[in-house]
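Student: I am attaching a structure below and will ask some questions about it afterwards.
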Amino acid sequence: MEIQRRTFIRSLCYACGAITFVPACTTRLKRWRYLIEEEADLIEAVAEQFIPSDKDPGATEACVVNFFDKQLTGYYTHHQETYREGLKSIQRSAAKAYGKSFREMTRNEQNTFLEQMEIGELPGEFWEHTDQRVFFNMMLDHTMQAFYGSPRHGGNCNYVSYKMLKIDYPHIIGQNRYGEQKSSVKPKNKVL
Amino acid sequence: MKNKHVNAVVVGAGAGGGVVAKELAVAGLSVVLFERGGWVTYDAHNDDELLSQRTHPFKAPFGPDNERHRRVFVGQDGSERIVLPNDYAFNNNAACVGSGTVSYGAMAWRFMEKDFLMKSSYGHVEGSTLEDWPITYEDLEPSYEKAEWEIGVSGDHDGNPFQAPRKKPYPMPAFQYNREGQMLYDTAKRMGLHPFPIPMLRNSVPYNGRPACYRMRTCVGFACPVNAKCGTHNTVIPTALSSGNCELRINCQVAEILVNDQGRATGVKYFDEKDKGRVQTADLIVVAAAAVETARLLLNSRSRLFPNGAGNNNDWVGRNLQGHAYTGASGIFEQDVYDDVGPGACWAISDYNHDNEGIVGGGLLCNSFFTPPYAFTRQRPPGAKRWGLDHKEFQRKNYKKLVSVRGPWQEIPNYEARVTVDPSVKDHWGIPVARMSGERHPYDRIGCQFMSDRAEEILKEAGAIKTWQGVGGRGLSGGQHQSGTARMGNDPKTSVTDKYGRVHDFDNLFVADGSLHVTNGGYNPALTILALGYHVGGFIAENWNGGTFSTGQS
């Protein structure tokens, strides 16, 4: 039997739906939509300083870089240029101050570097197109969104942040928890 | 094709407009209800914090969209910038059928008697436009009652000793406290305060053909997955539509109220879902687009007798923009206080709404709605590091141990906090956009400090091991509690509408939303806006004479 176009599209939709139903990512992407490999590495290194790995997974294990790549061709398409230029400026600033790339710096050096950037104290020569504090805040904010937001947007792989905060994941919907409520003192009358 | 003439056009299918449309339709008037957004469903907004109407880094999921809408925001330093709907400076209200009542936290507050009599109660405040309402609490009481029963409120009839007199109980029993609420209840009792469960526009038991709430943590900012949250979209608007007298026209942007040379409103010009410019004529017009857009629409409606916009001959349209300065304190506890019984907010006190020594007004205090993980990254004591191991440790350690007690401070209105229309910036349809400028009255800062001190006392008494204040009251107000831009009054020289929401000098042009608020109460305004819908809609329906609307004014 010949498959009708409409039937085919419908089954394709079901297939896609099924794919998005499982956690959106489990590992770092192999191919990027917008980023080049070097940029992806740098974002990952910066994000790992923002949310480091300790006894719980950090930004790298949460694949936050996937979020950046996905949103730079999604909701944050308008930030593409800021990222391309801003990431270059980080590299140039690092090369000038430490004689090596950001990723090659020690964790302490990276930390110091970012603390300077946060208060706008990296040498200004590489930051003419975009304010280093603005770019710092943008990267920090996006990292938090990636790490703590829904995995459907690219980050928070395997719900690592929800596990860390000990909240249920995926969110349970449809559970009626009335019977489980306990309360020592009941507020006055007419209460369930 | 030309639209058929109708009795009434209502602009905006939110809290005020939804109620008015229903009141008119069941009274037998033919109504066209315009909404710039469409219907939203729960499924499209599946508990995703980054796509919530409360925290919206990507876009405002319940509208308006970033592609077609914009505003101009004027900073305190005079700088101007164009802002999109997901920018907080835009001060958005949801653009969908039901508007904010789909995704709100659904607190159902009646204002107190003194909230309608702020100037009589406290006298003149220098530099403010503090004034009494032209109606009293008693005037609005029957409308509050209708709102509570038709939309649906769960609450404790006599839980709050400070509340204004109520005639009829709530239709549904109050919600039980969660762990945090119970702790604060016990604390407040110990302190001699008067805690009670927050009245909510949310079903505590099955009501109106819809099920009871099952207390999910994500509620505010989202549509309800089981339809237990009560808004105009699942109550009065369906009633209006099933009367057969109301047509809901979604995805339509109203551009202008048409006013003839005799100063009579004849209809509206709007853009339909295909961006085609069209006209809908009507015997009367009701504007209920929320404080910013209502002001914008009136100001964009210029005519021979009203060259500066409809109802604006005395330059009061768009003035007195108010909202609520949220203020309070946060505390960290040793033990877990979070028990995942949503939506979080459930406990309140009204002890500080009025009669605070040396303070003009006040506000309620309540516990907060649950803070989702990304928003929690901003819940920090002053000076705390925002990133690194410190950040992570704070998140991990305190996510279930942090309590915020906050409330909406009743702002002191002023003349310069305002909405105008921008001379050059236009939206997708070429309509001049709203331009917002000015700032809060300096007194708000004083009041907010007072409220934050009270909140911190409670948290300390509750046993918090660390507390800090978040004091509001700076900058321009507005937000989802926006109000005041078409204030009611008896004197046309100092107000925009009369006490029935009818625009001065018009016979057939009304406003029915938060714009009417003379002052905004120390409470979330949704129930008052719903009540004003009944107040204005009821007045029109009573005076409808079956033909061209006229009550003999002007």
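Student: How many residues, within the stretch A:146-169, are touching a Ser or Thr at 6+ places or on another chain (Cβ under 9 Å) and within 18 Å of A:Glu48 (Cβ to Cβ)?
Tutor: Summing the residues that are touching a Ser or Thr at 6+ places or on another chain (Cβ under 9 Å) and within 18 Å of A:Glu48 (Cβ to Cβ) in the stretch A:146-169 gives 7.
Student: Tell me which residues, restricted to the stretch A:84-115, are closer than 25 Å to B:Asp390 by Cα, charged (D, E, K, R) and surrounded by fewer than 14 Cβ atoms within 10 Å (Cβ to Cβ).
Tutor: Scanning the stretch A:84-115 gives A:Glu104, A:Arg107.
Yes/no per residue for (1) modelled with pLDDT of 95 or more; (2) farther than 17 Å from B:Asp47 by Cβ:
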{"residue": "A:Thr143", "(1), (2)": "yes, yes"}
{"residue": "A:Tyr148", "(1), (2)": "yes, no"}
{"residue": "A:Pro151", "(1), (2)": "no, no"}
{"residue": "A:Val160", "(1), (2)": "yes, yes"}
{"residue": "A:Leu165", "(1), (2)": "yes, no"}
{"residue": "A:Tyr169", "(1), (2)": "no, no"}
{"residue": "A:Gln175", "(1), (2)": "no, no"}
{"residue": "A:Tyr178", "(1), (2)": "no, yes"}
{"residue": "A:Gln181", "(1), (2)": "no, yes"}
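Student: Determine whether B:Lys119 is farther than 16 Å from B:Gln482 by Cβ, in contact with a His (Cβ under 7 Å, 6 or more places away or on another chain) and part of a helix (DSSP H, G or I).
Tutor: When the stated conditions are applied, B:Lys119 does not pass them.
Student: Another question, then. Would you point out which residue out of B:Ile237, B:Ile257 is away from chain A (no Cβ under 13 Å), touching a residue at least 40 places away in the same chain (Cβ under 8 Å) and in a strand (DSSP E or B)?
Tutor: Residue meeting the stated conditions: B:Ile257.
Student: Go through B:Phe549, B:Phe539, B:Phe510 for me and flag whichever is in a loop (DSSP other than H, G, I, E, B) and out of contact with any His (no Cβ under 8 Å at 6 or more places or on another chain).
Tutor: Answer to the selection: B:Phe549.
Student: While we're on this one: Taking the stretch B:16-43 as the region of interest, how many residues are of a type outside the set (Asp, Glu) and either touching a Phe, Trp or Tyr at 6+ places or on another chain (Cβ under 7 Å) or free of Cβ contacts under 8 Å to residues at least 60 places away in the same chain (or both)?
Tutor: Counting residues in the stretch B:16-43 that are of a type outside the set (Asp, Glu) and either touching a Phe, Trp or Tyr at 6+ places or on another chain (Cβ under 7 Å) or free of Cβ contacts under 8 Å to residues at least 60 places away in the same chain (or both) gives 5.
Student: Of all the residues that make up the stretch B:1-56, how many are crowded, with 23+ Cβ neighbours inside 10 Å, out of contact with any strand residue (DSSP E or B) (no Cβ under 8 Å at 6 or more places or on another chain) and in a loop (DSSP other than H, G, I, E, B)?
Tutor: 3
Student: With the requirement that a residue be crowded, with 23+ Cβ neighbours inside 10 Å, closer than 12 Å to B:Asn508 by Cβ and either under 24 Å from the mean Cα position of the chain (by Cα) or not hydrophobic (A, V, I, L, M, F, W, C) (or both), what does the stretch B:244-266 give you?
Tutor: Residue satisfying the conditions is B:Ile257 alone.
Student: Of all residues in the stretch B:277-329 being among the basic types (Lys, Arg) and in a loop (DSSP other than H, G, I, E, B), which is surrounded by the fewest Cβ atoms within 10 Å (Cβ to Cβ)?
Tutor: Looking at residues that are among the basic types (Lys, Arg) and in a loop (DSSP other than H, G, I, E, B), I get B:Arg304.
Student: What's the total number of residues in the stretch B:242-270 that are of a type outside the set (S, T, N, Q), over 30 Å from B:Arg304 (Cβ atoms) and touching a strand residue (DSSP E or B) at 6+ places or on another chain (Cβ under 6 Å)?
Tutor: Number satisfying all stated conditions: 4.
Student: For B:Glu411, work out the one condition from (1) surrounded by fewer than 21 Cβ atoms within 10 Å (Cβ to Cβ); (2) part of a loop (DSSP other than H, G, I, E, B) it doesn't fulfil.
Tutor: If we test B:Glu411 against (1) surrounded by fewer than 21 Cβ atoms within 10 Å (Cβ to Cβ); (2) part of a loop (DSSP other than H, G, I, E, B), just (1) comes out false.
Student: Could we say that B:Glu439 is assigned to a loop (DSSP other than H, G, I, E, B) and within 30 Å of B:Ala384 (Cα to Cα) here?
Tutor: Considered against the rule, which asks whether it is assigned to a loop (DSSP other than H, G, I, E, B) and within 30 Å of B:Ala384 (Cα to Cα), B:Glu439 comes out as yes.
Student: Separate question: Whether any residue in the stretch B:174-193 is acidic (Asp, Glu), more than 20 Å from the chain's Cα centre (by Cα) and buried (at least 24 other Cβ atoms within 10 Å of the Cβ) is what I want to check.
Tutor: Looking through the stretch B:174-193, at least one residue is acidic (Asp, Glu), more than 20 Å from the chain's Cα centre (by Cα) and buried (at least 24 other Cβ atoms within 10 Å of the Cβ).
Student: Cβ contacts < 7 Å: first residue within 14 Å of A:Leu140 (Cα to Cα) and within 14 Å of chain B (Cβ to nearest Cβ), restricted to the stretch A:110-123; second residue among the charged types (D, E, K, R) and surrounded by 19 or more Cβ atoms within 10 Å (Cβ to Cβ), any location; separation 6+ or different chain. Result?
Tutor: none
Student: Residues that are of a type in the set (S, T, N, Q): find the helices (runs of 4 or more DSSP H) completely inside the stretch A:56-123 holding 3 or more of those.
Tutor: A:80-98, A:107-118
Student: Across the stretch A:127-151, what is the total count of residues that are facing chain B (nearest Cβ under 10 Å) and either among the acidic types (Asp, Glu) or not in a helix (DSSP H, G or I) (or both)?
Tutor: Number of matching residues: 3.
Student: While we're on this one: Output yes when any residue across the stretch B:167-179 is in contact (Cβ under 8 Å) with a residue 40 or more places away in the chain, part of a helix (DSSP H, G or I), more than 21 Å from B:Ala526 (Cβ to Cβ) and within 11 Å of chain A (Cβ to nearest Cβ), and no when none is.
Tutor: Looking through the stretch B:167-179, at least one residue is in contact (Cβ under 8 Å) with a residue 40 or more places away in the chain, part of a helix (DSSP H, G or I), more than 21 Å from B:Ala526 (Cβ to Cβ) and within 11 Å of chain A (Cβ to nearest Cβ).
Student: Of the residues B:Cys213, B:Cys230, B:Cys252, which is closer than 19 Å to B:Gly100 by Cα, in contact with a Lys or Arg (Cβ under 7 Å, 6 or more places away or on another chain) and within 12 Å of chain A (Cβ to nearest Cβ)?
Tutor: Going through B:Cys213, B:Cys230, B:Cys252 in turn, just one is closer than 19 Å to B:Gly100 by Cα, in contact with a Lys or Arg (Cβ under 7 Å, 6 or more places away or on another chain) and within 12 Å of chain A (Cβ to nearest Cβ): B:Cys213.
Student: Looking for whichever is on the phi > 0 side of the Ramachandran plot and modelled with pLDDT under 95 here; the options are B:Asp340, B:Asp315. Which one fits?
Tutor: B:Asp340
Student: Something else now. Test each condition in (1) under 13 Å from the mean Cα position of the chain (by Cα); (2) buried (at least 22 other Cβ atoms within 10 Å of the Cβ) for B:Asn508 and report the one that comes out false.
Tutor: That leaves (1) as the condition not met.
The values are calculated or read from the model by the stated rules, or taken from the named source; none is laboratory data. Remember, it's a predicted structure, so these values are computed and weren't measured experimentally. Cβ sites come from the backbone with ideal geometry, for glycine too, and all protein chains shown count toward neighbours.
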